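The values are calculated or read from the model by the stated rules, or taken from the named source; none is laboratory data. Computed from a predicted structure; not experimentally measured. Don't worry about glycine lacking a Cβ; one is built from the backbone with ideal geometry, like all the others, and counts go over all protein chains shown.
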Amino acid sequence: AASVARAVMRSAAKLSRATQPTGSFLFAGPTGVGKTELAKALAFELFDSETKLVRFDMSEYMEQHAVSRLIGAPPGYIGHDAGGQLTEALRRHPYSVVLFDEIEKAHPQVLNILLQVLDDGRITDSQGHVVDCKHAIVLLTSNLGAEHMLRVAGCNASETEIEQAKERTLGVIRRTLRPELLNRLDDVVIFNPLSGQVLRQVVKLQLKDVVRRLEELDITLNLTDESVDFVLKEAHDPELGARPIKRFLERHIVSRLSRLILSGELPEGSAVTVGVKNQDWDFRVTTRDDTSREASATLGRAGSRDGCFERTSRDSPLHRSDSASKRQRI
């Protein structure tokens, strides 16, 4: 989103607020539209590794005592010396993306801790240590109001209808989350439902890791446009977003490739093209031996044509007349 890019730009120019995190955003929208994937991409682009993403699932922090897991247990309680998960993560890696997933599920006391992080850019653990949060990017995700965005998914909605759905989604968020929390965020980013063109890129992105693993085995994977369309036709569900696509690819493509490798039909140095034939998958394997045989056959045909030309030139009248003239001179 543009607001995320602007926050990163302010930080790079040393113009971000000195007492607050580099950026703080709420990502809202239907499930499977890429909220968590954007957080991973942000961690990779800013800090060169997806491991710089510190993720907390708020479904695990629905009770009041769960606050101690974030900042550490009070003195006299078990785990007091261990420190909190949030404070220890930021102490060891101050340059991180901190993701609070499904924030609407968190206990209000957990949100009080979050207010301190967003307002002062610091947090104090149970042992009295102050942890600096000013170099972190704080992201919250939520599915609040997602039903409004789903109504405009896959129906060629106009820009006006999409904006109206976003306003209704934002209204649900404002009625559910506390105003003091929303007021401390840089922006609320509402994700659109995924379009067909974006979903095609999602399919290729989901297979990117498979391609990398196959390259380690010296195997090349190619996907035809027809196969991408077939995946979207069979796997896409507007209510579930892109997640079913990943499961579909694992079940129908990755599993089939695994069988081909284990059976020896897809050896090292080969290439496999995944296509569609008669509404079913078509895996075509080309090995290095097949390529060599085709090259040899091509060279053989070229050589035979050259040989015919040489024989014709020797038997040509010009060649015979030259030979006869030489005999006459002798």
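Do we find a residue being hydrophobic (A, V, I, L, M, F, W, C), touching a residue at least 60 places away in the same chain (Cβ under 8 Å), surrounded by 19 or more Cβ atoms within 10 Å (Cβ to Cβ) and farther than 30 Å from Ser195 by Cβ anywhere in segment 138-148? Quick ask: steps written out before the conclusion?
Step one: of segment 138-148, the residues hydrophobic (A, V, I, L, M, F, W, C) are 138-140, 144, 146.
The next check asks that each one be touching a residue at least 60 places away in the same chain (Cβ under 8 Å); those that pass are 138-140, 144, 146.
Applying the additional criterion that residues be surrounded by 19 or more Cβ atoms within 10 Å (Cβ to Cβ) yields 138-140, 144, 146.
From what's left, farther than 30 Å from Ser195 by Cβ: none.
No; the residues of segment 138-148 include none that is hydrophobic (A, V, I, L, M, F, W, C), touching a residue at least 60 places away in the same chain (Cβ under 8 Å), surrounded by 19 or more Cβ atoms within 10 Å (Cβ to Cβ) and farther than 30 Å from Ser195 by Cβ.
Failed condition for Thr124, given (1) of a type in the set (Val, Ile, Thr); (2) surrounded by fewer than 16 Cβ atoms within 10 Å (Cβ to Cβ); (3) touching a residue at least 24 places away in the same chain (Cβ under 8 Å); (4) in contact with a Ser or Thr (Cβ under 6 Å, 6 or more places away or on another chain), with all others met?
The single condition Thr124 does not satisfy is (4).
Checking the structure you have, find out if any residue of segment 245-258 is surrounded by 15 or more Cβ atoms within 10 Å (Cβ to Cβ) and among the small types (Gly, Ala, Ser).
Taking every residue of segment 245-258 in turn, none turns out to be surrounded by 15 or more Cβ atoms within 10 Å (Cβ to Cβ) and among the small types (Gly, Ala, Ser).
Evaluate segment 143-157: report whether one residue or more is in the same structural domain as Leu266 (by TED's automatic domain parsing), part of a loop (DSSP other than H, G, I, E, B) and at pLDDT 90 or above. Break it down into steps so the answer makes sense when it comes.
Residues of segment 143-157 that are in the same structural domain as Leu266 (by TED's automatic domain parsing), as a first pass: none.
No, there is no match, as no residue in segment 143-157 is in the same structural domain as Leu266 (by TED's automatic domain parsing), part of a loop (DSSP other than H, G, I, E, B) and at pLDDT 90 or above.
For the list (1) touching a residue at least 40 places away in the same chain (Cβ under 8 Å); (2) among the polar types (S, T, N, Q); (3) outside any strand (DSSP E or B), I need the number of the one condition that Gln116 fails.
Gln116 satisfies every listed condition except (1).
Are there any pairs with C-beta distances below 7 angstrom linking a residue in segment 1-28 that is more than 15 Å from His135 (Cα to Cα) to a residue that is acidic (Asp, Glu) and buried (at least 20 other Cβ atoms within 10 Å of the Cβ), with the two at least 6 apart or on different chains, and if so which?
Within 7 Å, the pairs are Ser3/Asp186.
Taking into account only those residues within segment 159-213 that are among the small types (Gly, Ala, Ser) and at pLDDT 90 or above, which is surrounded by the fewest Cβ atoms within 10 Å (Cβ to Cβ)? Give the derivation first.
Filtering segment 159-213 for residues among the small types (Gly, Ala, Ser) gives 165, 171, 195-196.
With at pLDDT 90 or above added as a condition, the list becomes 165, 171.
Details: Ala165: 22, Gly171: 13.
The extreme case among them is Gly171.
Which residue, of Glu226, Glu250, Glu239, Glu234, is in contact with a Pro (Cβ under 8 Å, 6 or more places away or on another chain), of a type outside the set (Phe, Trp, Tyr) and either closer than 24 Å to Leu194 by Cα or assigned to a strand (DSSP E or B) (or both)?
On the way: Glu226 fails: in contact with a Pro (Cβ under 8 Å, 6 or more places away or on another chain); Glu250 fails: in contact with a Pro (Cβ under 8 Å, 6 or more places away or on another chain); Glu234 fails: in contact with a Pro (Cβ under 8 Å, 6 or more places away or on another chain).
Exactly one of Glu226, Glu250, Glu239, Glu234 is in contact with a Pro (Cβ under 8 Å, 6 or more places away or on another chain), of a type outside the set (Phe, Trp, Tyr) and either closer than 24 Å to Leu194 by Cα or assigned to a strand (DSSP E or B) (or both), namely Glu239.
Out of Leu70, Leu42, report the one residue that is over 20 Å from Val4 (Cβ atoms), crowded, with 18+ Cβ neighbours inside 10 Å and in the same structural domain as Gln127 (by TED's automatic domain parsing).
Of Leu70, Leu42, the one residue that is over 20 Å from Val4 (Cβ atoms), crowded, with 18+ Cβ neighbours inside 10 Å and in the same structural domain as Gln127 (by TED's automatic domain parsing) is Leu70.
Within segment 10-37, how many residues turn out to be surrounded by 13 or more Cβ atoms within 10 Å (Cβ to Cβ) and either part of a helix (DSSP H, G or I) or outside the structural domain of Val98 (by TED's automatic domain parsing) (or both)?
5
Looking at Gly128, Gly171, which one is assigned to a helix (DSSP H, G or I) and of a type in the set (Gly, Ala, Ser)? Steps first, please.
Details: Gly128 fails: assigned to a helix (DSSP H, G or I).
Going through Gly128, Gly171 in turn, the sole match is Gly171.
Under 6 Å between Cβ atoms, at least 6 apart or on separate chains: pull out the pairs that start in segment 243-256 with a residue that is assigned by TED's automatic domain parsing to the domain that holds Leu223 and end on any residue that is among the charged types (D, E, K, R) and surrounded by fewer than 16 Cβ atoms within 10 Å (Cβ to Cβ).
Pro244/Asp237
Take Ala7 and tell me if it is touching a His at 6+ places or on another chain (Cβ under 8 Å) and either in the same structural domain as Gln206 (by TED's automatic domain parsing) or crowded, with 17+ Cβ neighbours inside 10 Å (or both). Lay out the reasoning, then the answer.
Working: touching a His at 6+ places or on another chain (Cβ under 8 Å): no; either in the same structural domain as Gln206 (by TED's automatic domain parsing) or crowded, with 17+ Cβ neighbours inside 10 Å (or both): yes.
It is false that Ala7 is touching a His at 6+ places or on another chain (Cβ under 8 Å) and either in the same structural domain as Gln206 (by TED's automatic domain parsing) or crowded, with 17+ Cβ neighbours inside 10 Å (or both).
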